[in-house]
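Participant: Just dropping this structure here.
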Amino acid sequence: MQLIQQSPDIAAYLAADEAIDHEHPRVREVAADLARDSDDAYTYARTAFTYVRDTVPHSADSGDPRVTWRASDVLTTRTGICYAKSIALTALLRAHGIPAGLCYQRLADDDGTNPVVHGLVALRLPGPDRWARVDPRGNKPGIDAQFSLEEERLAWTVRERLGEVDYPTVYAAPPPDVLHALKSARDRTELWRTLPTHL
């Protein structure tokens, strides 16, 4: 799928903001640890992806009621939903000078009901002049997301017949609806009731 930069300036995908706070000491510490075993940008990106996917449990899988939205908090508490985990991975990539942004899918139940927006990460590595999407949500039975720049290996494949959508935009910062849902919810139960259903 052809992804579209929201900002024409690639520097926007390296910047820090209130959510993607990659200048925070905790983000810098994790990034430095990951970089020790990474010889190049590709290896670092794959290592950062695996770290967020596997060591930060998705709060729906773990049952953790806490809601995180800032990268440093996600990495400190080791919990978050897909939006938060995507923010954390984006911050780790930017901390290493790799342009990264946020992108989304609209998913639904098997009968097309209960639509919800799911968060992913897009990154650009040296070489091919294109974005690649990865999904750090976290694997479990039936979900096997992998780091792959050629053939996407996301947690879910969109089913257009059910009204599901791959949104092509790569956001430099979390969209307002996503950030508002994360920042406003007192716990994950409340967050589940206020998740965006479309972008």
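The values are calculated or read from the model by the stated rules, or taken from the named source; none is laboratory data. What you see is a predicted model, and the numbers here were worked out from it, not measured in a lab. No Cβ is skipped: glycine too gets one built from the backbone with ideal geometry, and neighbour counts run over all protein chains shown. The area values use the complete protein model at the heavy-atom level, side chains included, leaving out ligands, DNA and RNA. Shrake-Rupley method; radii C 1.70, N 1.55, O 1.52, S 1.80 Å.
Participant: Would you work out the charge dipole size for the stretch 72-141 about its Cα centre, treating the Cβ of every Lys and Arg as +1 and the Cβ of every Asp and Glu as -1, and quote it to the nearest 20 debye?
Facilitator: Dipole size: approximately 300 debye.
Participant: Report the local net charge at Val170: Lys and Arg +1, Asp and Glu -1, summed over other residues whose C-beta lies under 11 Å from its C-beta.
Facilitator: With Lys, Arg at +1 and Asp, Glu at -1, the neighbours total +3.
Participant: What is the percent of Cα-Cα separations in the stretch 119-186 that go past 21 Å?
Facilitator: Value for the stretch 119-186 (Cα pairs over 21 Å): 39 percent.
Participant: Let me ask another. If you place +1 on the Cβ of every Lys and Arg and -1 on the Cβ of every Asp and Glu, how big does the dipole about the Cα centre of the chain come out, in debye to the nearest 20?
Facilitator: 320 debye
Participant: Specify the residue with the greatest mean-square fluctuation among Gly101, Gly80, Gly127, computed from a Gaussian network of the chain linking alpha-carbon atoms under 10 Å apart.
Facilitator: Fluctuation is largest for Gly127.
Participant: How big, on average over all directions, is the shadow cast by the Cα convex hull of the stretch 33-109, in nm²?
Facilitator: Average projection, Cα convex hull of the stretch 33-109: 5.7 nm².
Participant: A further question on this structure: Divide, for the chain, the radius of gyration over alpha carbons by 2.2 N^0.38 Å, where N is the residue count.
Facilitator: The value comes to 0.94.
Participant: Size of the dipole of the stretch 158-199 about the Cα centre, Lys and Arg at +1 and Asp and Glu at -1 on the beta carbon, nothing else charged, in debye to 20?
Facilitator: 160 debye
Participant: At a 1.4 Å probe, what is the % contribution of carbon and sulfur to the accessible area of the chain?
Facilitator: 48 percent
Participant: Not counting the cut sites, what is the longest span of the chain without trypsin sites (Lys or Arg not before Pro) that DSSP labels loop and that have at most 11 other Cβ atoms within 10 Å?
Facilitator: Details: sites that count: Arg36, Arg130, Arg186.
After excluding every exposed loop site, the longest remaining stretch is 37-129.
Participant: Here is a further query. Normalised by the number of residues in the stretch 9-80, what is the relative contact order in percent for Cα pairs under 8 Å and 6+ residues apart?
Facilitator: Normalised by residue count, the contact order of the stretch 9-80 is 36 percent.
Participant: Sticking with this one: What helices does the chain hold that run 18 Å or longer along their axis, going by alpha-carbon atoms, with a Kyte-Doolittle average of 1.0 or more, using DSSP H for the helix calls?
Facilitator: 82-95
Participant: Let me have the relative contact order for the stretch 90-199, percent, based on Cα pairs under 8 Å that are six or more residues apart. Working shown, then result.
Facilitator: On the way: 178 pairs, mean separation 30.2, N = 110.
The normalised contact order for the stretch 90-199 reaches 27 percent.
Participant: Have a look at Gly80, Pro168, Pro99 and report the one farthest towards the positive end of the charge dipole of the chain, computed about the Cα centre with Cβ charges (Lys/Arg +1, Asp/Glu -1).
Facilitator: About the Cα centre, the residue reaching furthest to the positive side is Gly80.
Participant: Got the relative contact order for the chain handy, in percent, Cα pairs under 8 Å and 6 or more residues apart?
Facilitator: Details: 397 pairs, mean separation 49.2, N = 199.
Relative contact order comes out at 25 percent.
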